[in-house]
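One structure is given here, and the rest of the page talks about it.
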Amino acid sequence: MSRSKNITVAVMATALALGLGLGATTMASATSTPTPVPGASTEAAHAPKAKAGNGKAEQLAAALAAKLGVDKAKMSEAMKTFRDASKADRTAKEAALAKSLASSLGIDETKVSAAIAELRSANKKTKHLTALKTRLDKAVASGTLTQAEADAVTKAIEKGVIGGGAKK
């Protein structure tokens with residue numbers, strides 16, 4: 001194996017180890033906190049915003065179910081139905097937008113739809129990378145990682161070595 005390949009493999013392995021170590025360190029340093037007793041003054045102020053695909057939606061469902069006196073499972077199902085309908089509406093709106101733009105601009109509708117999907121995907125990746133960089137900056141500030149280690153993790157993700165970044 002050539003020297004440059006050896007170095008590349010070593011850097012990637014280090015980045016992977018750092019990425020995994022950061023996750024393990026974060027999980028190991030997490031402390032459990034007692035569950036607060038909901039009260040009328042705290043529920044609305046501390047209820048997390050619903051976001052499909054994460055535990056926050058379930059936390060909101062539980063808080064709303066308790067506040068409204070309904071079964072948590074029924075609340076979760078009702079919220080899932082709403083999210084699914086909203087997603088379908090968004091998909092329909094994007095399709096209508098693509099059709100309208102294609103017609104107005106004289107461009108193939110498939111090409112417009114693909115461009116919209118590509119931009120949505122790029123935006124999602126950018127948000128993910130920004131959140132990761134914020135976490136890495138905090139780890140550097142607290143002394144958990146060095147700046148070089150944080151940079152290596154960021155580069156590994158951007159290059160698609162770990163974490164679903166761009167693959168070439």
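Counting only Cβ charges, +1 for Lys and Arg and -1 for Asp and Glu, the dipole size of region 79-126 around its Cα centre is about 300 debye.
Would you mind getting me the FRET efficiency between residue 134 and residue 159? Use the beta-carbon distance for r and R0 = 25 Å, nearest 0.05.
FRET efficiency, residue 134 to residue 159: 0.80.
Taking label positions 7 Å along the Cα-Cβ direction at both residue 85 and residue 144, the computed distance is 4.0 nm, reported to one decimal. Working from label points 7 Å from Cα in the Cα-to-Cβ sense, the residue 95 to residue 121 distance is 2.0 nm. Over 32 Å apart at the Cα level, from the set 72/155; 93/138; 111/159; 67/87; 87/111, are 72/155; 93/138.
Since every read-out is calculated from the coordinates, none of them should be taken as a lab result. Everything numeric here is computed off the predicted structure, so don't read it as measured data. Because the Cβ atoms are built from the backbone with ideal geometry, glycine has one as well, and the counts that use them run over all protein chains shown.
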